[in-house]
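Beneath this line is the structure, given in structure tokens, with notes to follow.
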Amino acid sequence: MIRVVLAEDQAMVRGALSTLLGLEADIEVVGEASTGEEAVAVVRETRPDIALLDIEMPVMDGITAAAEIVRVAPGCRVMILTTFGRPGYLRRAMEAGAVAFMVKDSPARELAAAIRRVLAGERVIDPALAAAALSAGPNPLSPRERDVLSAAADGSTIGDIALRLHLSEGTVRNYLSTAIQKTHTRNRIEAVQRAQSQGWL
């Protein structure tokens, strides 16, 4: 049996996926989670073959959880299944150690087949997303620029961002200015929107 842990914050979607995978004779869902943090704990406890993670989850997102799962359970292969097929997400997921990236509108039989392929040692990536990621190029933002833009996403002032990230206000302004240039936008609101739409944050 292929042992799978499923992490998805929407209970209805998680239940549907669990039921669909349960119909496969060789796949067993051995644990479920609604946050990235919970996913890491369930993987640590159940030691599955596959961790199937959503990206946008509370507490800890799926990409951060992927990196942590690879660290605590090296034998577990991580697959990302998401609604958001953004090129930057694919690149970040692969860097975090995920070996598969699929969008949720894939047919159920494709998901089961992908799980088997991953267990056999293959990488499985949505072809349209792979092409988009290649054409989009790498994330132009440095880790610190991403931190500052993420902190700016809720409309925080320069002072608020500086306090939260333990930086001077001048340093925050510099990072924001560089991020605006790199994203080819006119202000920080546009920079945040572009970075989010590309999956860079």
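The values are calculated or read from the model by the stated rules, or taken from the named source; none is laboratory data. Quick caveat: nothing in here was measured; it's all calculated off a predicted structure. Positions of Cβ are backbone-derived with ideal geometry, glycine not excepted, and every protein chain shown enters the neighbour counts. Ligands, DNA and RNA are excluded from the accessible area calculation, which covers all protein heavy atoms including side chains. Shrake-Rupley method; radii C 1.70, N 1.55, O 1.52, S 1.80 Å.
Only one of Glu95, Glu32 is at pLDDT 95 or above and either open to solvent by 50 Å² or more (accessible area, probe 1.4 Å) or farther than 28 Å from Ala128 by Cα (or both); which? Explain how you work it out, then say what you get.
Working: Glu95 fails: at pLDDT 95 or above.
None of the other options fit; the residue is Glu32.
Condition first: within 13 Å of Val192 (Cα to Cα) and either surrounded by 14 or more Cβ atoms within 10 Å (Cβ to Cβ) or touching a Pro at 6+ places or on another chain (Cβ under 6 Å) (or both). Can you find one or more residues in the range 159-173 that meet it?
Looking only at the range 159-173, we keep the residues that are within 13 Å of Val192 (Cα to Cα), and these are none.
Within the range 159-173 (the criterion being within 13 Å of Val192 (Cα to Cα) and either surrounded by 14 or more Cβ atoms within 10 Å (Cβ to Cβ) or touching a Pro at 6+ places or on another chain (Cβ under 6 Å) (or both)), the answer is no, since none of the residues qualifies.
Restricting the first residue to the range 158-177 and requiring it to be closer than 17 Å to Pro143 by Cα, which pairs with a second residue that is open to solvent by 40 Å² or more (accessible area, probe 1.4 Å) and of a type in the set (Lys, Arg) meet a Cβ separation below 7 Å and a spacing of at least six or different chains?
Tyr175/Arg144; Leu176/Arg188
Among the candidates Pro140, Pro107, single out the residue that is in contact (Cβ under 8 Å) with a residue 60 or more places away in the chain, open to solvent by less than 60 Å² (accessible area, probe 1.4 Å) and not hydrophobic (A, V, I, L, M, F, W, C). Give the steps one after another, and end with the answer.
Working: Pro107 fails: in contact (Cβ under 8 Å) with a residue 60 or more places away in the chain.
On inspection, the qualifying residue turns out to be Pro140.
Given the residues Val118, Val192, which is the only one that is β-branched (Val, Ile, Thr) and out of contact with any helix residue (DSSP H, G or I) (no Cβ under 7 Å at 6 or more places or on another chain)? It would help to see each step written out before you state the result.
Working: Val192 fails: out of contact with any helix residue (DSSP H, G or I) (no Cβ under 7 Å at 6 or more places or on another chain).
Just one listed residue meets the conditions, Val118.
Applying the selection to the range 51-75, what residues are surrounded by 22 or more Cβ atoms within 10 Å (Cβ to Cβ) and either more than 8 Å from the chain's Cα centre (by Cα) or within 12 Å of Asp9 (Cβ to Cβ) (or both)?
Within the range 51-75, Ala51, Leu52, Leu53, Asp54, Ile55, Met57, Gly62, Ala65, Ile69 qualify.
Residue check: is Thr46 over 20 Å from the mean Cα position of the chain (by Cα) and within 18 Å of Arg71 (Cα to Cα)?
Values: over 20 Å from the mean Cα position of the chain (by Cα): yes; within 18 Å of Arg71 (Cα to Cα): yes.
Spelling it out, Thr46 is indeed over 20 Å from the mean Cα position of the chain (by Cα) and within 18 Å of Arg71 (Cα to Cα).
Hey, Gln181 hits all of (1) in a helix (DSSP H, G or I); (2) open to solvent by 60 Å² or more (accessible area, probe 1.4 Å); (3) under 30 Å from Asp54 (Cα atoms); (4) not basic (Lys, Arg) but one; which does it fall short on?
Here Gln181 clears every test but (3).
Quick test for you: out of Ile115, Ile189, Ile125, pick the one residue that is open to solvent by 40 Å² or more (accessible area, probe 1.4 Å) and in contact with a strand residue (DSSP E or B) (Cβ under 9 Å, 6 or more places away or on another chain). If you could, list the steps in order and put the result at the bottom.
Values: Ile115 fails: open to solvent by 40 Å² or more (accessible area, probe 1.4 Å); Ile189 fails: in contact with a strand residue (DSSP E or B) (Cβ under 9 Å, 6 or more places away or on another chain).
Matching residue, one of Ile115, Ile189, Ile125: Ile125.
Please verify whether Val5 is modelled with pLDDT of 95 or more, part of a helix (DSSP H, G or I), crowded, with 18+ Cβ neighbours inside 10 Å and hydrophobic (A, V, I, L, M, F, W, C), treating the condition exactly as stated. Talk me through it step by step, then tell me what you get.
On the way: modelled with pLDDT of 95 or more: yes; part of a helix (DSSP H, G or I): no; crowded, with 18+ Cβ neighbours inside 10 Å: yes; hydrophobic (A, V, I, L, M, F, W, C): yes.
No: the conditions fail for Val5.
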